[in-house]
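Worksheet: one structure, shown below.
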Amino acid sequence: MFAVAVTLGMNALDMTYHVATNTAVHLNYVAVKFMIVFAAVFLVAWLVGYGRTQGIVTSLLGPVAFYLYYRFASATIDHSLFRIDDAVWYIVIHAIALGLMYFLGSRVMKKGDSLSFAAFCGLASLALHWGWIMFVIKWTGGTDEATMLAMTLSAAIVAFAFLFVLIYAMSWTNVWLGSFVVGIVFAAASMLLGATPIGGVARVLVSAGPFWFVNKFLRAHHA
């Protein structure tokens, strides 16, 4: 669960950066990056555990592994779309995003404080929320170019802020009650802004899921 949540949050930060700098980010790109970075986070945690040194190694290993994949898988990648990670310095951007999420996850496990918990879960939920929007666009016949427009910078900031406040407010409650309220309130807000009933159900899952799982499997370490 630690590796999943860390990688989701890293993707949320990375996607927000790309939107802010007006560079392409679409569903295939996000999915490939998630799988490679997740593998790095999971393997390091599984083999040698958690900690500051492990966090530094993970923050470098994941981005480097993705960069190497990107460079050597050129035969299978459409570089007219996957052209955003050509520069080596993107490793630094990815390492900062991954390192921040690793730090937040470690604080949730060691201290259980509500601010770190809200930021950690909020970013994981934002990634799932964003991914759902891109998936719907792709599923309904949209192009890769269309999925790049799935989220604006302002929409991402507003969604994260709403999730952060909501999760923080419910972080003091029972895990079941908190998950229920977070899911229902986020879904209701999304539907008021035009989400479909199916989209509302998806919003329940993408917001309540991280809240419940992080509480049960990570925050419980502190308790």
For a label point 7 Å along the Cα-to-beta-carbon line of TRP172, residues of the stretch 111-135 with backbone N under 16 Å = 113-118
task = Sort out the exposed loop chymotrypsin sites (Phe, Trp or Tyr not before Pro) in the chain (DSSP loop, at most 15 other Cβ within 10 Å) and tell me the longest stretch that has none.
result = 1-88
note = Using alpha carbon centers only, the stretch 1-49 is separated from the stretch 152-192 by a whole-angstrom value of 21 Å
message = Give me the one-decimal nm value for the distance between modelled label points at MET191 and LYS111, 7 Å along each residue's Cα-to-Cβ direction.
response = 3.8 nm
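Coordinate-derived values only; no laboratory data. As the structure is a computational prediction, the values presented were derived from the model and not from experiment. Neighbour counts are summed over all protein chains in view; Cβ atoms, including those assigned to glycine, are modelled from backbone coordinates with ideal geometry.
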